[in-house]
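Here is the structure we will look at.
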Amino acid sequence: MNRQNVTLEIDGILLEGDLIVPEGATGIVVFAHGSGSSRFSSRNRQVAHYLSEQGLATLLFDLLTPEENVIDERTRELRFDIGLIGRRMTGAVDWVARAEATRGLAIGLFGASTGAAAALIAAANRPAQVRAVVSRGGRPDLAGDALPAVEAPTLLLVGGDDVAVIGLNEQARERMQAHCELTLIPGATHLFEEPGTLEEVQALASRWFKHYLSVD
């Protein structure tokens, strides 16, 4: 299994990432973390580890630079700049498509919280590259007018006890024209901290990605 630290150049700025490419991988999942988080998100890393064990390459990267993170910690503005993180996620798709270690791999996107909106914007921007999207406790509604343009099959995973976010995901699903499924994880709240709930997320995400990222 090839593990490496990588630097993505997107729109003239440098973003740090962690790339894992299992031998024989046919697909890669790019992660978009939620507001106030980073590529070190423990939940995303757990899901990424599971997916890599299932034979899928994974890329976790920072949506903000260290300097931007300092500003965001003070103002909390950049984490909700959906246009910005959507562009960064689109740039990550472009990077994966041309990087020597990953070009030729079918691309899937996994977004958590606000990162789900970034993933859907990237999917809308790159319909020929993005083959599948999974959202965990996401805010797909924040993708706004990009939703009808998404062509990738999309799985929305929401905690069964995360009532407010369930409604927002239902609204987003109604706006989407691509195949979209909404699955509730029983007993889970927004952060999927309850025993067994994150394991359910990673199993469902793995099944979705392995189906849609399989070789034609």
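The values are calculated or read from the model by the stated rules, or taken from the named source; none is laboratory data. These figures come from a predicted structure and were not determined experimentally. Neighbour counts are summed over all protein chains in view; Cβ atoms, including those assigned to glycine, are modelled from backbone coordinates with ideal geometry. Each accessible area value is taken on the protein alone, full model and side chains, heavy atoms only, with ligands, DNA and RNA left out. Shrake-Rupley method; radii C 1.70, N 1.55, O 1.52, S 1.80 Å.
Placing unit charges on C-beta atoms (Lys and Arg positive, Asp and Glu negative, everything else neutral), compute the dipole magnitude of segment 75-216 about its Cα centre in debye, rounded to 20.
Details: 14 positive and 17 negative charges, 111 e Å.
Magnitude of the dipole: close to 540 debye.
Go through 34, 19, 130 and say which Cα lies farthest out towards the positive end of the charge dipole of the chain; charges sit on Cβ, +1 for Lys and Arg, -1 for Asp and Glu.
Farthest towards the positive end: 130.
What FRET efficiency, computed as 1/(1 + (r/R0)^6) with R0 = 35 Å and r the Cβ-Cβ distance, is obtained for residue 5 and residue 194, rounded to the nearest 0.05?
0.60
Taking the DSSP beta bridges in the chain as the whole, what percent of them are antiparallel, to the nearest 5?
Values: 13 of 39 bridges.
Here the antiparallel bridges make up roughly 35 percent for the chain.
Would you compute, from DSSP H runs of 4+ residues alone, the mean residue ellipticity of the chain at 222 nm, taking -39500 (n - 2.57) per run and dividing by the full residue count, rounded to the nearest 500? Intermediate values should be presented prior to the final figure.
Numbers: 6 runs with 80 residues, N = 216.
Using -39500 (n - 2.57) per qualifying helix, the result is -12000 deg cm²/dmol.
Please report, as a whole percent, how much of the solvent-accessible surface of segment 81-165 comes from carbon and sulfur atoms (probe radius 1.4 Å). Write down the numbers at each step before the final one.
Working: 1170 of 2560 Å².
Using a 1.4 Å probe with all protein chains present, segment 81-165 comes out at 46 percent carbon and sulfur.
Per residue, how much accessible area does the chain have with a 1.4 Å probe, in Å²? Write down the numbers at each step before the final one.
Details: 9380 Å² over 216 residues.
On a per-residue basis, 43 Å².
Counting other C-beta atoms within 10 Å, and keeping those with at most 12, which DSSP coil trypsin sites (Lys or Arg not before Pro) do you find in segment 1-52? Walk me through the numbers on the way to the answer.
On the way: sites: 3, 39, 43, 45; in loops: 39.
Qualifying residues, ordered by number: none.
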